[in-house]
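The values are calculated or read from the model by the stated rules, or taken from the named source; none is laboratory data. Note that this is a predicted model, so its numbers are computed, not measured. Quick reminder, even Gly has a Cβ in these numbers, built from the backbone with ideal geometry, and neighbours come from all protein chains shown. These area figures cover heavy atoms from the full protein model, side chains too; ligands, DNA and RNA do not enter into them. Shrake-Rupley method; radii C 1.70, N 1.55, O 1.52, S 1.80 Å.
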Amino acid sequence: MGISIAGQAAALGGAVLLGAAVGLLYDLFRILRVRVKWRPLGALLDFIFWLPVTAAFFLYALILGDGEVRMALLLGHFGGAVLYFLLLSRWMLKLGYAVADLCTLLW
């Protein structure tokens, strides 16, 4: 028995939201990488970023994709990230850098 159209639309919407969440997480790590000047931090942040992202994509495909990698879900992840970077990234970075500068000032 197949998945209903409403179920497929919900899965695609969730994939778009997951892609946008990954974009936000990327920006948060980008703020840390730019503001903290410690060379080994880059590799550590890459590992800390990709570990939950890979797990989230895997679990999403396993649970909602019935263990199959579906092209629509991959395009949804990608589309969500692109939408985030086009619409929200600039403001989130400005806010994040302001918070980081405030933390530096208070420290």
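Report, by residue number, each residue of region 90-107 that is open to solvent by 90 Å² or more (accessible area, probe 1.4 Å) and either over 17 Å from residue 29 (Cβ atoms) or aromatic (Phe, Trp, Tyr) (or both). Walk me through it before giving the result.
First, pick out the residues of region 90-107 that are open to solvent by 90 Å² or more (accessible area, probe 1.4 Å): 90-91, 94-95, 102, 104-107.
Residues satisfying the conditions are 91, 102, 104, 105, 106, 107.
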Inter-residue pairs, beta-carbon under 8 Å, first open to solvent by less than 50 Å² (accessible area, probe 1.4 Å) and in region 14-27, second of a type in the set (Ser, Thr, Tyr), 6+ apart = 14/60; 15/60; 18/60; 19/84; 20/84; 23/84; 23/89; 27/89
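For region 56-96, enumerate the residues that are farther than 21 Å from residue 8 by Cα and of a type in the set (A, V, I, L, M, F, W, C).
Looking only at region 56-96, we keep the residues that are farther than 21 Å from residue 8 by Cα, and these are 84-96.
Scanning region 56-96 gives 85, 86, 87, 88, 91, 92, 93, 95.
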ask   = How many residues does region 33-58 contain that are free of Cβ contacts under 8 Å to residues at least 40 places away in the same chain and surrounded by 10 or more Cβ atoms within 10 Å (Cβ to Cβ)?
value = 18
remark   = With the first residue restricted to region 93-104 and required to be assigned to a helix (DSSP H, G or I), and the second required to be among the charged types (D, E, K, R), Cβ contacts under 6 Å at 6 or more apart or on different chains are 93/27; 100/35
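Would you be able to say whether some residue in region 74-89 is open to solvent by less than 80 Å² (accessible area, probe 1.4 Å) and not in a helix (DSSP H, G or I)? Steps first, please.
First pass over region 74-89, keeping only residues open to solvent by less than 80 Å² (accessible area, probe 1.4 Å): 76-77, 79-82, 84, 89.
Next, only the ones that are not in a helix (DSSP H, G or I) stay: none.
No: region 74-89 contains no residue that is open to solvent by less than 80 Å² (accessible area, probe 1.4 Å) and not in a helix (DSSP H, G or I).
Quick grid of which residues meet (1) closer than 14 Å to residue 75 by Cα; (2) within 15 Å of the chain's Cα centre (by Cα); (3) assigned to a helix (DSSP H, G or I); (4) not aromatic (Phe, Trp, Tyr):
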residue: 8; (1), (2), (3), (4): yes, no, yes, yes
residue: 16; (1), (2), (3), (4): yes, yes, yes, yes
residue: 30; (1), (2), (3), (4): no, yes, yes, yes
residue: 33; (1), (2), (3), (4): no, no, yes, yes
residue: 37; (1), (2), (3), (4): no, no, no, yes
residue: 48; (1), (2), (3), (4): no, yes, yes, yes
residue: 52; (1), (2), (3), (4): no, yes, yes, yes
